[in-house]
Amino acid sequence: MQEQLWACIRRLEPLHPSFVSVTYGAGGSTRERTHETVARIREETTLTPAAHLTCVAATQGEVDAVARAYWDAGVRHIVALRGDPPEAGTRYQPHPGGYPFALDLVKGLRKVADFEISVAAYPEGHPEATSLDADLDNLKRKIDAGATRAITQFFFDVDAYRRFMDRVRAAGITVPVIPGILPVASFSTVTRFAAACGASIPAWMGPLFEGLDDEPETRKLVAATVAMEQCRALAADGIHNFHFYTLNRPDLVHAICHVLGVRASAPGTPNAAPADKGERS
């Protein structure tokens, strides 16, 4: 898996994304390897890493120590998340002595150093939120606490994102809210992800991938087309920043970026895409 990760990094590095975010496994299960990977990206590539930090399975002191280590290593961007329970299907419980929720983590990071902080947003609502209004209020509190950007959970319904953004701006949230785009490498996997995070699967998507389990090349073409059309629809609304969930499969993202006008170039060479198309993480 590490070889796959680095192949992905090297494949996408020439596209010069604004940052590349590195996630934990479920319940923080790959925390140490995540820290090592972030440091290596910082030292060995031209990419800017954004390190995920969660509230799971760590005290406040432990989280703060990791954040300080990142700062000392030159990492200036943190993606601050509550995190998922260590065991799938169990209810989240704050760690004794830890940061209870992402809001608290953002406040804590602000005391550690002047990080750029990204937080999660949910166009269709967090699955544990009591209501959409409560979820939006939680997002606003994270921004007010010092977060500088929100990155959305993946979605496929562009209208759902549009409605969400109307509510976001009406709530007085003015920071960038970057749409999360997930190319569908496996429809069954995406269906499982969506059920866990509260994202809807439009009725038209299932038939597009039907019968393609043993047709990987055709499936890639369909997946790229779906994601491209999603991005093009958002671009028509004036949105030019995207956060791609690669799942360490770079070819789909590479093709999508090409269609969007982002071209690979050597380190230090200006990208052919307009400068405002930045959040291609």
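The values are calculated or read from the model by the stated rules, or taken from the named source; none is laboratory data. These numbers were taken from a predicted model, which means no experiment stands behind them. Quick reminder, even Gly has a Cβ in these numbers, built from the backbone with ideal geometry, and neighbours come from all protein chains shown. Calculation scope for accessible area: heavy atoms of the full protein, side chains included, ligands and nucleic acids excluded. Shrake-Rupley method; radii C 1.70, N 1.55, O 1.52, S 1.80 Å.
Could you list all residues from segment 60-69 that are open to solvent by 10 Å² or more (accessible area, probe 1.4 Å) and under 21 Å from residue 48 (Cβ atoms)?
Across segment 60-69, the qualifying residues are 66, 68, 69.
Give 202, 207 a once-over and let me know the one that is of a type outside the set (Phe, Trp, Tyr), surrounded by fewer than 17 Cβ atoms within 10 Å (Cβ to Cβ) and assigned to a loop (DSSP other than H, G, I, E, B). First the steps, then the outcome.
On the way: 207 fails: assigned to a loop (DSSP other than H, G, I, E, B).
Step by step, each of 202, 207 is checked, and only 202 is of a type outside the set (Phe, Trp, Tyr), surrounded by fewer than 17 Cβ atoms within 10 Å (Cβ to Cβ) and assigned to a loop (DSSP other than H, G, I, E, B).
Taking residue 75 as the residue in question, decide whether it is more than 18 Å from residue 174 (Cα to Cα) and open to solvent by 20 Å² or more (accessible area, probe 1.4 Å).
no
Which of the residues that make up segment 223-244 are open to solvent by 40 Å² or more (accessible area, probe 1.4 Å) and either part of a helix (DSSP H, G or I) or closer than 26 Å to residue 5 by Cβ (or both)?
Here is the first cut: in segment 223-244, the ones open to solvent by 40 Å² or more (accessible area, probe 1.4 Å) are 225, 229, 232, 236-238, 240-241.
Selection gives 225, 229, 232, 236, 241.
Identify the residue in segment 101-135 that is open to solvent by less than 20 Å² (accessible area, probe 1.4 Å) and part of a helix (DSSP H, G or I) and, among all such residues, is nearest to residue 84 (Cα to Cα).
Going through the qualifying residues, I end up with 102.
Could you tell me whether segment 76-97 includes any residue that is at pLDDT below 95 and among the β-branched types (Val, Ile, Thr)?
So far as segment 76-97 goes, yes, one or more of its residues are at pLDDT below 95 and among the β-branched types (Val, Ile, Thr).
Any residue at all in segment 182-195 that is in contact with a helix residue (DSSP H, G or I) (Cβ under 6 Å, 6 or more places away or on another chain), closer than 17 Å to residue 238 by Cα and either in contact (Cβ under 8 Å) with a residue 12 or more places away in the chain or not basic (Lys, Arg) (or both)?
Among the residues of segment 182-195, not one is in contact with a helix residue (DSSP H, G or I) (Cβ under 6 Å, 6 or more places away or on another chain), closer than 17 Å to residue 238 by Cα and either in contact (Cβ under 8 Å) with a residue 12 or more places away in the chain or not basic (Lys, Arg) (or both), which makes the answer no.
I'm told residue 184 meets every condition in (1) open to solvent by less than 20 Å² (accessible area, probe 1.4 Å); (2) modelled with pLDDT of 95 or more except one. Can you identify the failing condition by its number?
The one condition residue 184 does not meet is (2).
May I ask you to list the residues in segment 63-100 that are under 19 Å from the mean Cα position of the chain (by Cα) and part of a loop (DSSP other than H, G, I, E, B)?
Result: 75, 76, 82, 83, 84, 85.
If only one of 252, 212, 247, 260 is more than 18 Å from the chain's Cα centre (by Cα), under 21 Å from residue 50 (Cβ atoms) and open to solvent by less than 80 Å² (accessible area, probe 1.4 Å), which one is it?
Exactly one residue qualifies, and that residue is 260.
Only one of 37, 46, 90 is more than 30 Å from residue 128 (Cα to Cα), surrounded by fewer than 14 Cβ atoms within 10 Å (Cβ to Cβ) and not small (Gly, Ala, Ser); which?
Of the residues listed, the single one that is more than 30 Å from residue 128 (Cα to Cα), surrounded by fewer than 14 Cβ atoms within 10 Å (Cβ to Cβ) and not small (Gly, Ala, Ser) is 46.
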